[in-house]
Amino acid sequence: MRGNSFAVLALGMLVLAGCSSAPKAQAPPPQIPKITAPTTPSRTPVMVDRALPDDCELVVTAERMNQVLGQELPGEPKLIIGIPEPSVGKTAKIDCYYGIPPGKELQANAVVVGLSTYVDELTARERVTESLEAERQDGSSVTEIDVGKQKASMVSGKDQRLLLGSLGKTTFVVRARPGLLPDDKLPAVLATLAQQAMTPPV
């Protein structure tokens, strides 16, 4: 009987041990909080009538330029600061030259991004209209395209391809060297660069 008692006792202890360890095996895994990414990219370009920057890296960075073009341009961006022209209502002007090979002059650039400010919105629009009319008279074709939520004009001439438009008191122009990209790709590329140029860095 004593042997049976020990056997029953041992069996009981095993059952108890099994019962006490069961809840641990069934414990739910720890809850890990989920981090949900924002549905809207935080760096989506938002065009504004911005104050003119004093650095081409605040217009379009060299890295962004290469990314949009799909190729790496030589050299570093060069900034040229224009002077006000009160006779036409121009208050400030900057031009950023990209893709100038080392040892070459500004004229050897691949892309130019220019921004100008005027005394008011009407004057800025008039300057764009006058420039487009001059391009037409010179034999260039002009097509309206979208730049963000704005409208701008794509100009295709014998020796140049450019995008021209305005937002508020600011005009923007993006010129590309002929042959830099196929003509069917240029409007979208220049529109992206113009949108970036009119978007202050975050």
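The values are calculated or read from the model by the stated rules, or taken from the named source; none is laboratory data. On a predicted model such as this, the values are computed, not experimentally measured, just so you know. Don't worry about glycine lacking a Cβ; one is built from the backbone with ideal geometry, like all the others, and counts go over all protein chains shown.
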Notebook entry, point to check: Which pairs have Cβ atoms under 9 Å, sit 6 or more apart or on different chains, and link a residue in segment 150-162 that is touching a residue at least 24 places away in the same chain (Cβ under 8 Å) to one that is of a type in the set (Asp, Glu) and not in a strand (DSSP E or B)?
Noted result: 153/135; 156/183; 161/183; 162/135
Check: Before we move on, is residue 99 of a type in the set (Gly, Ala, Ser), over 18 Å from the mean Cα position of the chain (by Cα) and crowded, with 18+ Cβ neighbours inside 10 Å?
Finding: yes
Notebook entry, point to check: If you take the residues of segment 109-122 that are in contact with a Phe, Trp or Tyr (Cβ under 9 Å, 6 or more places away or on another chain) and either modelled with pLDDT under 95 or not in a loop (DSSP other than H, G, I, E, B) (or both), which of them is farthest from residue 198 (Cα to Cα)?
Noted result: 111
Next item on the list: Output the qualifying pairs, or none if there are none: Cβ atoms under 7 angstrom, residues six or more apart or on different chains, first residue in segment 122-146 and at negative phi, second residue of a type in the set (D, E, K, R) and assigned to a helix (DSSP H, G or I).
Entry: 142/135; 142/136
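Looking for something part of a strand (DSSP E or B), within 24 Å of the chain's Cα centre (by Cα) and more than 19 Å from residue 201 (Cα to Cα) - is there at least one such residue anywhere in segment 57-79? So that I can check it myself, show each step before the final result.
Pass one, segment 57-79, residues part of a strand (DSSP E or B): 78-79.
Okay, now just the ones that are also within 24 Å of the chain's Cα centre (by Cα), so 78-79.
Of the ones still in play, those that are also more than 19 Å from residue 201 (Cα to Cα) are none.
For segment 57-79, residues part of a strand (DSSP E or B), within 24 Å of the chain's Cα centre (by Cα) and more than 19 Å from residue 201 (Cα to Cα): absent.
Does residue 197 count as hydrophobic (A, V, I, L, M, F, W, C) and in contact with a Pro (Cβ under 9 Å, 6 or more places away or on another chain)? Spell out the reasoning first.
On the way: hydrophobic (A, V, I, L, M, F, W, C): yes; in contact with a Pro (Cβ under 9 Å, 6 or more places away or on another chain): no.
Spelling it out, it is not the case that residue 197 is hydrophobic (A, V, I, L, M, F, W, C) and in contact with a Pro (Cβ under 9 Å, 6 or more places away or on another chain).
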Notebook entry, point to check: Can you name the residue in segment 86-105 that is assigned to a loop (DSSP other than H, G, I, E, B) and in contact with a strand residue (DSSP E or B) (Cβ under 9 Å, 6 or more places away or on another chain) and, of all such residues, is farthest from residue 56 (Cα to Cα)?
Noted result: 89
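Regarding residue 125, is this residue of a type in the set (D, E, K, R), over 16 Å from residue 171 (Cβ atoms) and modelled with pLDDT of 95 or more?
Values: of a type in the set (D, E, K, R): yes; over 16 Å from residue 171 (Cβ atoms): no; modelled with pLDDT of 95 or more: yes.
It is false that residue 125 is of a type in the set (D, E, K, R), over 16 Å from residue 171 (Cβ atoms) and modelled with pLDDT of 95 or more.
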Notebook entry, point to check: If we keep just the residues of segment 138-184 that are part of a loop (DSSP other than H, G, I, E, B) and within 17 Å of the chain's Cα centre (by Cα), which is surrounded by the most Cβ atoms within 10 Å (Cβ to Cβ)?
Noted result: 148
